[in-house]
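Only one structure is covered here, and it is reproduced in the block below.
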Amino acid sequence: MARIAGRNPVLEAIKSGRGFDRLLVQRDAGGSMLNLVREARARGIQISFEDRRALDGLSGGASHQGVVAFVSDYSYADMGDMLKAAADRGEPPLIVVLDGIEDPHNLGAVIRTAECAGAHGVVIPKRRAAGLTDTVAKTSAGAIEHVPVARVGNLSRAIGELKEAGLWAAALDMGGQPYFGMDLTGGLALVVGGEGAGLGRLVRESCDFAVSIPMSGRIGSLNASNAAAVLLYEARRQRSTGKGG
């Protein structure tokens, strides 16, 4: 059973049809909470109204904004689900592959950006990486309910499967070509490395080419979630205008 705290994450869980065990709402909460309560009641979810002190104890230390929910555990998707979602939308696949993202806040931020940029899914490894947790859900602001996340045993093999499905695999690497000169309009797997070590050698070698984000300041790199955001929105811009590179 997973725990969610905060208005946006809980509301998105309600809208997605997630199974609810308990929904606890602060007794005197108003404003946007009224919309959340209406959505829950319309879907037949039982609500328990509690005082703030009770929610403080149930939220696990997270900022709950007057609502805490206990829901069915997060389930992982299959990469085939992502490719089908792209086909159903009539779009070339746009998938984010994360190599060794250990910070759950970074993972949540990537999932949130992937949802906002219209990506079709996120792929993560089973080992030495963050999984889908309450912290990830909170940081994603509810996007975790809408973006398929696949967890694979071998990231290089997964990249190979995406390439076999017709996607190009682009490694985000400081030694690559500047992203604004690259064509990102076709089916694309954007491969992003972890906070410290970056991309593993085998993962990097599995990619077709590398793209970089030029830096003008004294710090030589962005964190993983910010770097992914830059590339995702460049891909979205190119797809919207029909102009790559």
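The values are calculated or read from the model by the stated rules, or taken from the named source; none is laboratory data. None of the values given here were measured: they were computed from a predicted structure. A quick note on method: Cβ atoms are made from the backbone with ideal geometry, for glycine too, and the neighbour counts reach across all protein chains shown.
Might you let me know whether the range 32-50 holds any residue that is of a type outside the set (Asp, Glu), part of a loop (DSSP other than H, G, I, E, B) and under 21 Å from the mean Cα position of the chain (by Cα)? No, the range 32-50 has no match at all. Check the range 214-224 and report whether any residue there is at pLDDT below 95, in a helix (DSSP H, G or I) and crowded, with 22+ Cβ neighbours inside 10 Å. Yes: the range 214-224 contains one or more residues that are at pLDDT below 95, in a helix (DSSP H, G or I) and crowded, with 22+ Cβ neighbours inside 10 Å. Of all residues in the range 83-115, those being closer than 30 Å to Ile45 by Cα and either within 10 Å of the chain's Cα centre (by Cα) or buried (at least 21 other Cβ atoms within 10 Å of the Cβ) (or both) number 9. For the subset of the range 189-211 comprising residues that are part of a loop (DSSP other than H, G, I, E, B) and modelled with pLDDT under 95, which member is farthest from Gly108 (Cα to Cα)? Among them, the one singled out is Gly200. Screening the candidates Gly118, Gly80 for the property of being under 19 Å from the mean Cα position of the chain (by Cα) and under 20 Å from Asn8 (Cβ atoms) yields one hit, Gly118.
Residue-level check: of (1) surrounded by fewer than 22 Cβ atoms within 10 Å (Cβ to Cβ); (2) out of contact with any strand residue (DSSP E or B) (no Cβ under 8 Å at 6 or more places or on another chain); (3) of a type outside the set (Val, Ile, Thr), Ala143 misses just (1).
Here Gly118 fits the description: touching a residue at least 24 places away in the same chain (Cβ under 8 Å), within 28 Å of Leu184 (Cα to Cα) and not aliphatic (A, V, I, L, M). Residue count for the range 142-188 satisfying the condition of being more than 30 Å from Asp73 (Cα to Cα), of a type in the set (A, V, I, L, M, F, W, C) and part of a loop (DSSP other than H, G, I, E, B): 3.
Would a scan of the range 158-165 turn up a residue that is surrounded by 19 or more Cβ atoms within 10 Å (Cβ to Cβ), small (Gly, Ala, Ser) and closer than 16 Å to Arg239 by Cα? Within the range 158-165, none of the residues are surrounded by 19 or more Cβ atoms within 10 Å (Cβ to Cβ), small (Gly, Ala, Ser) and closer than 16 Å to Arg239 by Cα. Just to be sure before I move on: is Glu161 in contact with an Asp or Glu (Cβ under 7 Å, 6 or more places away or on another chain) and acidic (Asp, Glu) in the structure I sent? For Glu161, the condition - in contact with an Asp or Glu (Cβ under 7 Å, 6 or more places away or on another chain) and acidic (Asp, Glu) - is not met.
Report whether or not Val122 is under 16 Å from Val192 (Cα atoms) and surrounded by 16 or more Cβ atoms within 10 Å (Cβ to Cβ). First the steps, then the outcome.
On the way: under 16 Å from Val192 (Cα atoms): yes; surrounded by 16 or more Cβ atoms within 10 Å (Cβ to Cβ): yes.
Judged against the criteria, Val122 is a match.
Could you please let me know if Ala137 is touching a residue at least 40 places away in the same chain (Cβ under 8 Å), in a loop (DSSP other than H, G, I, E, B) and under 13 Å from Leu107 (Cβ atoms)? No; evaluated as a whole, the condition is false for this residue.
Ile101 falls short on exactly one of the conditions (1) under 30 Å from Gln65 (Cα atoms); (2) hydrophobic (A, V, I, L, M, F, W, C); (3) assigned to a helix (DSSP H, G or I), and that condition is (3). Annotation note: of Ile111, Ile144, Ile95, the sole residue that is of a type in the set (Val, Ile, Thr), at pLDDT 95 or above and farther than 19 Å from Asn223 by Cβ is Ile95. Considering Ala29, Ala69, the condition of being in contact (Cβ under 8 Å) with a residue 24 or more places away in the chain, small (Gly, Ala, Ser), assigned to a loop (DSSP other than H, G, I, E, B) and surrounded by 12 or more Cβ atoms within 10 Å (Cβ to Cβ) is satisfied by Ala29 alone.
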